[in-house]
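I have placed the structure first, in the form of structure tokens, so that the comments after it can refer back to it.
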Amino acid sequence: MTYNYCRNLINTLSFHQHNVRFCTTLNMGELISTYEETPKELAYKIKETREKIRNNLINGIIPTHCLNCIYKNNEYITQDKITKIDLFYWFHCNCSCFYCSYRDETKGEFSDKEKIGNPIIYDTIKELYRLNEINTEELDVNVGGGELGVLKEFPKLIDLFLENNVKTVFCESSGIKYSKAVEKLLRKGKGCITVAVCSGTPETYKKIKRRDKYRQVMKNLKKYVNAAKKDKNAPDNIYNVVSKYIILENCNNNLTEVKKWLSESQKCGIKHVEVSMEFCWGTKSKKGQKIEDYNYEIFKYVENECKNLGLLLRENKTSKALMEKGVY
Ligand code: SF4
Ligand code: SF4
């Protein structure tokens, strides 16, 4: 029998800066906690809430928060453990991108110093493993941020996931600080890192990121590529290092810059790229407006160039859905 629900309600757990929820979509999922508990209490609350939601779904009751969400489908409930953990629970970053969706909170402040993100996350996840709430071998982890390179507990978290045989840890990073923990993941074929470079020159980079770190970022990308290449028996690991380009109005929305970005990425040994619309701000500030033509033009250009250059192009699902719809 199928049920009208979304898998996030059964299989995903998202740690955000102010709360724990079931998803990290633009809608954000049903609330589980606002971090008032100890790690043991929080893990238990997560277990209980998940059980309640699952029983409700079987009885046709969908959480109010999810009623109008477009991600719901008619599906079978195949297994009930957590197979996806999102770690988006801190703001601290070593970059200051003008388009950052956290700017209301950070006011653009950044620092190269490491800071603790939230001291209870590690113990909560450890407890969830102990409670057998996580499907260890199927678990994918998404690390967003803030920036993982300045998150003090990041290496410890990665060791915990590796000890429990995680499937893949998907990391997003500014790329400014080289992370040995990410290197460890890449060497073992257990991780993927995406760096939004968004530029092909130091000048454009600085304009967007507010930091003069273009050369350093490209050097680190090259080091990650070399780490991914270390396992000679797994040549595909090289595709686990991704250079990304977010299209930003009046900044980099021109083919000259895109061309340079592709060429500079290739010089670092990159084989996998992604292009994305800017939609975190766009969907709020441009709601109902037509998607600009330059987005279509750049997507088409990158698609063709990737074929010519032998690069793998990763699909950006949110951009694709918005562009098919034609409006924000
Ligand atoms: S139905 Fe939508 S809001 Fe609810 S958990 Fe799924 S994706 Fe998130
Ligand atoms: S790297 Fe990410 S978290 Fe840091 S400022 Fe840029 S968009 Fe924000």
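Readers should treat all values here as calculations from the given coordinates under stated rules, not as data from a laboratory. Since the model is a prediction, treat every value here as computed from it, not as a measurement. Quick reminder, even Gly has a Cβ in these numbers, built from the backbone with ideal geometry, and neighbours come from all protein chains shown.
Overview of results
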{"read-out": "Scope the range 34-50; condition among the hydroxyl-bearing types (Ser, Thr, Tyr) and more than 18 Å from residue 134 (Cα to Cα); matching residues", "value": "34, 35, 38"}
{"read-out": "Among the candidates 175, 149, residue that is in a helix (DSSP H, G or I) and crowded, with 18+ Cβ neighbours inside 10 Å", "value": "149"}
{"read-out": "Residue that is surrounded by the most Cβ atoms within 10 Å (Cβ to Cβ) [pool: residues in the range 214-257 that are outside any helix (DSSP H, G or I) and among the basic types (Lys, Arg)]", "value": "244"}
{"read-out": "Residue count, the range 71-111 (criterion: within 27 Å of residue 277 (Cα to Cα), without any contact (Cβ under 8 Å) to a residue 12 or more places away in the chain and either away from ligand 2 (no atom under 16 Å from the Cβ) or basic (Lys, Arg) (or both))", "value": "2"}
{"read-out": "Cβ pairs under 7 Å, 6+ apart, first in the range 208-234 and closer than 23 Å to residue 108 by Cα, second surrounded by 15 or more Cβ atoms within 10 Å (Cβ to Cβ) and among the acidic types (Asp, Glu)", "value": "218/264"}
{"read-out": "Residue in the range 36-58 that is without any contact (Cβ under 8 Å) to a residue 60 or more places away in the chain, within 13 Å of ligand 1 (Cβ to nearest atom), assigned to a loop (DSSP other than H, G, I, E, B) and crowded, with 16+ Cβ neighbours inside 10 Å present", "value": "no"}
{"read-out": "Total residues in the range 9-27, condition farther than 15 Å from residue 82 by Cβ and free of Cβ contacts under 8 Å to residues at least 24 places away in the same chain", "value": "2"}
{"read-out": "Condition check for residue 85: crowded, with 20+ Cβ neighbours inside 10 Å, closer than 21 Å to residue 53 by Cβ and within 16 Å of ligand 1 (Cβ to nearest atom)", "value": "yes"}
{"read-out": "Complete set of residues in the range 190-228 that are of a type in the set (Gly, Ala, Ser) and either within 16 Å of ligand 1 (Cβ to nearest atom) or farther than 16 Å from residue 251 by Cα (or both)", "value": "191, 227, 228"}
{"read-out": "Positions within the range 25-70 being in contact with a Pro (Cβ under 7 Å, 6 or more places away or on another chain) and either closer than 25 Å to residue 280 by Cα or within 16 Å of ligand 2 (Cβ to nearest atom) (or both), in sequence order", "value": "30"}
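To keep it simple, each residue is scored yes or no on (1) surrounded by 13 or more Cβ atoms within 10 Å (Cβ to Cβ); (2) not in a loop (DSSP other than H, G, I, E, B); (3) not polar (S, T, N, Q).
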site: 71; (1), (2), (3): yes, no, yes
site: 77; (1), (2), (3): yes, no, yes
site: 94; (1), (2), (3): yes, no, no
site: 98; (1), (2), (3): yes, no, yes
site: 105; (1), (2), (3): no, yes, yes
site: 124; (1), (2), (3): yes, yes, no
